[in-house]
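Participant: Quick one: structure below, then a few questions.
The values are calculated or read from the model by the stated rules, or taken from the named source; none is laboratory data. The model shown is predicted, which means the values in this text are computed figures rather than measured ones. Heads up, the Cβs are rebuilt from the backbone with ideal geometry, glycines too, and the neighbour counts pull from every protein chain shown.
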């Protein structure tokens, strides 16, 4: 059983600031660092660090070749990443003294995937293999349709969330991971976490729904089944890759036979370690650290 994560690859430029800058405001940063990032790359690393066999697919420019070396260091397979004549995706990130972050993205190679690239990547996978997707690349609907036709199990974390997500063939998903705001928007109504989960499981029967609720913990639902896991308290240094860590560890846990609750508990502990460290993929713990 193999995992293809067709997702973003970013160069993250992280500024340490006293607070998130306000409109019209100019502030001074106390530090700046460059990291490898992108929700796709972060989730590939989380999956690999959790022990899963994962191939990353996507597009980068020549300025991002060092990202492949780093992914390989973490045991992510990169032979399905294509290089094109243009810049790699970028994320400009502010991290406040309180550990909160604000991010804006430039798509770069992440918005230059082609249908031919997708078809080639999917040709290496078969029925029962897994596809992981986020919302930082183009052709997402196309990828879902083609992977579903191959009998792959499709896992989607539609972040950063946009309105066009509602037009995607979400009924073809095996796993949908959303936060409370994304979940309410998809559900079409506000409500408690439990109410949002109830609506989503009704909208997508047979699909596993994982609803992350920040400090309020995480909720899981599939048809009539329900689970809840509280957070693990940890000192907050940087929350950038917390959600990606949770996603990766949850899916990796399920693949090795953990129950949904067990996978959630393990993912929660991994996320707690991630937020206590600076950076994105570098902050994600290895499975051995949890053990």
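Participant: Take residue 90 and tell me if it is in a strand (DSSP E or B), farther than 22 Å from residue 124 by Cβ, without any contact (Cβ under 8 Å) to a residue 40 or more places away in the chain and in contact with a strand residue (DSSP E or B) (Cβ under 6 Å, 6 or more places away or on another chain). Give the derivation first.
Facilitator: Numbers: in a strand (DSSP E or B): yes; farther than 22 Å from residue 124 by Cβ: yes; without any contact (Cβ under 8 Å) to a residue 40 or more places away in the chain: no; in contact with a strand residue (DSSP E or B) (Cβ under 6 Å, 6 or more places away or on another chain): yes.
So residue 90 fails the test.
Participant: May I ask you to verify whether residue 88 is in contact with a helix residue (DSSP H, G or I) (Cβ under 7 Å, 6 or more places away or on another chain) and at pLDDT 95 or above? Quick ask: steps written out before the conclusion?
Facilitator: Working: in contact with a helix residue (DSSP H, G or I) (Cβ under 7 Å, 6 or more places away or on another chain): yes; at pLDDT 95 or above: yes.
So residue 88 fits the description; yes.
Participant: Let me ask something else. Return only the number of the condition from (1) outside any helix (DSSP H, G or I); (2) within 23 Å of residue 76 (Cβ to Cβ); (3) modelled with pLDDT of 95 or more; (4) in contact with a strand residue (DSSP E or B) (Cβ under 9 Å, 6 or more places away or on another chain) that residue 240 does not satisfy.
Facilitator: (3)
Participant: Any chance segment 281-289 includes a residue that's touching a helix residue (DSSP H, G or I) at 6+ places or on another chain (Cβ under 7 Å), farther than 14 Å from residue 52 by Cβ, in contact (Cβ under 8 Å) with a residue 24 or more places away in the chain and buried (at least 24 other Cβ atoms within 10 Å of the Cβ)? Break it down into steps so the answer makes sense when it comes.
Facilitator: If we filter segment 281-289 for residues that are touching a helix residue (DSSP H, G or I) at 6+ places or on another chain (Cβ under 7 Å), which is where we start, we get 281, 283-287, 289.
Still in the list and also farther than 14 Å from residue 52 by Cβ: 281, 283, 285, 289.
Checking the rest, the ones that are also in contact (Cβ under 8 Å) with a residue 24 or more places away in the chain come to 281, 283, 285.
Next cut, buried (at least 24 other Cβ atoms within 10 Å of the Cβ) only: 281.
Yes: one or more hits.
Participant: Next question, about the same structure. So for segment 60-72 (the condition being in a helix (DSSP H, G or I), under 16 Å from the mean Cα position of the chain (by Cα), at pLDDT 95 or above and closer than 23 Å to residue 270 by Cα), does at least one residue qualify? If you could, list the steps in order and put the result at the bottom.
Facilitator: Filtering segment 60-72 for residues in a helix (DSSP H, G or I) gives 62-72.
From what is left, the residues that are under 16 Å from the mean Cα position of the chain (by Cα) are 71.
Imposing the further condition that a residue be at pLDDT 95 or above reduces the set to 71.
Filter once more, so that each one left must be closer than 23 Å to residue 270 by Cα: 71.
Yes: segment 60-72 contains one or more residues that are in a helix (DSSP H, G or I), under 16 Å from the mean Cα position of the chain (by Cα), at pLDDT 95 or above and closer than 23 Å to residue 270 by Cα.
Participant: Now for a different question. Being on the phi > 0 side of the Ramachandran plot and surrounded by 20 or more Cβ atoms within 10 Å (Cβ to Cβ) is the filter here, so list the residues in segment 106-135 that pass it.
Facilitator: Of the residues in segment 106-135, the ones on the phi > 0 side of the Ramachandran plot are 108, 128.
Passing the criteria: only 108.
Participant: Let me confirm something: among 57, 7, 51, 38, which residue is modelled with pLDDT under 95 and within 24 Å of residue 177 (Cα to Cα)? Explain how you work it out, then say what you get.
Facilitator: Details: 57 fails: modelled with pLDDT under 95; 7 fails: modelled with pLDDT under 95; 51 fails: modelled with pLDDT under 95.
The conditions single out 38.
Participant: From the list 227, 262, 194, pick out the single residue that is over 20 Å from the mean Cα position of the chain (by Cα), part of a helix (DSSP H, G or I) and farther than 23 Å from residue 14 by Cβ.
Facilitator: Working: 227 fails: part of a helix (DSSP H, G or I); 262 fails: over 20 Å from the mean Cα position of the chain (by Cα).
Step by step, each of 227, 262, 194 is checked, and only 194 is over 20 Å from the mean Cα position of the chain (by Cα), part of a helix (DSSP H, G or I) and farther than 23 Å from residue 14 by Cβ.
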